[in-house]
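Before any comments, here is the structure.
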């Protein structure tokens, strides 16, 4: 007679977990596009700070929803808390994209955007750690193995992206290297840009695939979606 209450609580936490995964799935690409357009384009300027705050806020909402699941599991909770802390940093720094777009000559705004980019990479890194912990708790062996494999690959891609980004920035600000390369400097710059794009979009896409698959496993096994 004591089982229905815990089962009902578990179902509610799983429902919030599924909503959190959905918010992350849609929020990651939307936030990337919104933040890039806020920093470079003019068509979002009339909306001011709202688009960037809405995108980063959606990611925070997703993590907050997920925090209701298995709160007593310390490794899962620690991974989730790290991701939420970085999500909060992203939320707080996102207005600087708009201000830097309006006043690009301000070094403080440029530094804040650089910190935001670094925090966003660490955020995606920790979202993969969260997914790895979540996959280990769910009763699906295939999902567990796939999540562990692809989150490890994603994190290595993000480390490579960080190193490549540092090298690319050093190249752009090093007149000596550009002069040494001569006519090849433009090609190196283009190759570096597309390499950065590849190492950004690939782990993002794989993270989204893991988010969607995990959400579907929850629906199929718990809520009987099929």
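Between residue 81 and residue 105, what FRET efficiency follows from the Cβ-Cβ distance if R0 is 41 Å, with the result rounded to 0.05? Please report the intermediate quantities before stating the final value.
On the way: r = 38 Å, r/R0 = 0.92.
Working from the Cβ atoms, E equals 0.65.
In nm, to one decimal, how far is the modelled label at residue 68 from the one at residue 220, with both set 7 Å along Cα→Cβ?
With each label placed 7 Å out from Cα toward Cβ, I get 2.5 nm.
May I ask you to derive the relative contact order of the range 17-118, considering only C-alpha pairs under 8 Å and at least 6 residues apart, and to give it as an integer percent?
31
Could you list 66, 206 so that the one with the fewest beta carbons within 10 Å of its beta carbon is first and the one with the most is last?
206, 66
Given N residues in the range 36-167, what is Rg(Cα) / (2.2 N^0.38 Å)?
So the Cα radius of gyration is 1.20 times the expected 2.2 N^0.38 Å.
Please compute the contact order of the range 4-222 in relative form: average sequence separation of alpha-carbon pairs under 8 Å and at least six residues apart, divided by the residue count, as a percent.
22
Listed highest first by mean packing, meaning other Cβ atoms within 10 Å per residue, what order do 103-110, 125-132 come in?
Output ranking for 103-110, 125-132: 125-132, 103-110.
Read the figures in this text as sums done on the coordinates, not as results from a lab. What you see is a predicted model; the values in this text were computed from it and never measured. Note that each Cβ is placed from the backbone with ideal geometry, even for glycine, and that neighbours are counted across all protein chains shown.
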